[in-house]
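Below is one structure, written out as structure tokens, with a few remarks after it.
Please treat every number below as a calculation from the coordinates, not as lab data. Note that the coordinates shown come from a computational prediction; the quantities given were computed from them, not determined experimentally. Cβ coordinates were reconstructed from backbone atoms using ideal geometry, including for glycine residues, and neighbour counts include every protein chain displayed.
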Amino acid sequence: MDVTLSELLGAFMESPLVVWVRTLGPLGSGDDVGSDERLGMFMELVDGVFLHKIMTHIDPSPTNQRLNKNMNNDVALRLHNLTVLTRHIRTYYQPRFR
């Protein structure tokens, strides 16, 4: 079974978690989304800025760590943002489950 990258991206962008995230902000641009728009939405998700914004609505008191908003396709900056996001999620949920 040969699956193209476009098909994988389409399946990911229609997964329940991504659909939920798209209802919370400007990623949701309708049901008729082209592959270029899907790729743009995917890149917005993986840079961590949009997800961090959602998390700060859930928990408005995050640690004071800065996010990089201009990635220029830098994997290290993206990784930093996602690390900040996962720390924020962890600190929000850990005290509730101890």
With the 8 Å Cα cutoff and a minimum separation of six or more residues, region 38-85 has a relative contact order in percent of 46
What does the helix-only formula give at 222 nm for the chain: each DSSP H stretch with n ≥ 4 adding -39500 (n - 2.57), the total divided by the residues, and the result rounded to the nearest 500 deg cm²/dmol? -18000 deg cm²/dmol
Which value, in debye to the nearest 20, describes the size of the charge dipole of region 50-90 about its Cα centre when Lys and Arg Cβ atoms bear +1, Asp and Glu Cβ atoms bear -1, and nothing else is charged? 20
What is the extension gain from residue 42 to residue 72, computed as 0.36 nm multiplied by their sequence separation minus the C-alpha to C-alpha distance, in nm to one decimal? 9.3 nm
Which labelled figure in (i) 43, 29, 29; (ii) 58, 28, 18; (iii) 87, 44, 37 is Cα extents along the principal axes in Å, once derived from the coordinates: (i)
Residue 23-residue 83 pseudo-label distance in nm [points 7 Å out on the Cα-to-Cβ vector]: 3.4
Specify the residue with the greatest mean-square fluctuation among 12, 42, 50, computed from a Gaussian network of the chain linking alpha-carbon atoms under 10 Å apart. 12
Could you give the size of the charge dipole of region 5-97 about its Cα centre, using +1 on the Cβ of each K and R and -1 on the Cβ of each D and E, expressed in debye and rounded to the nearest 20? 660
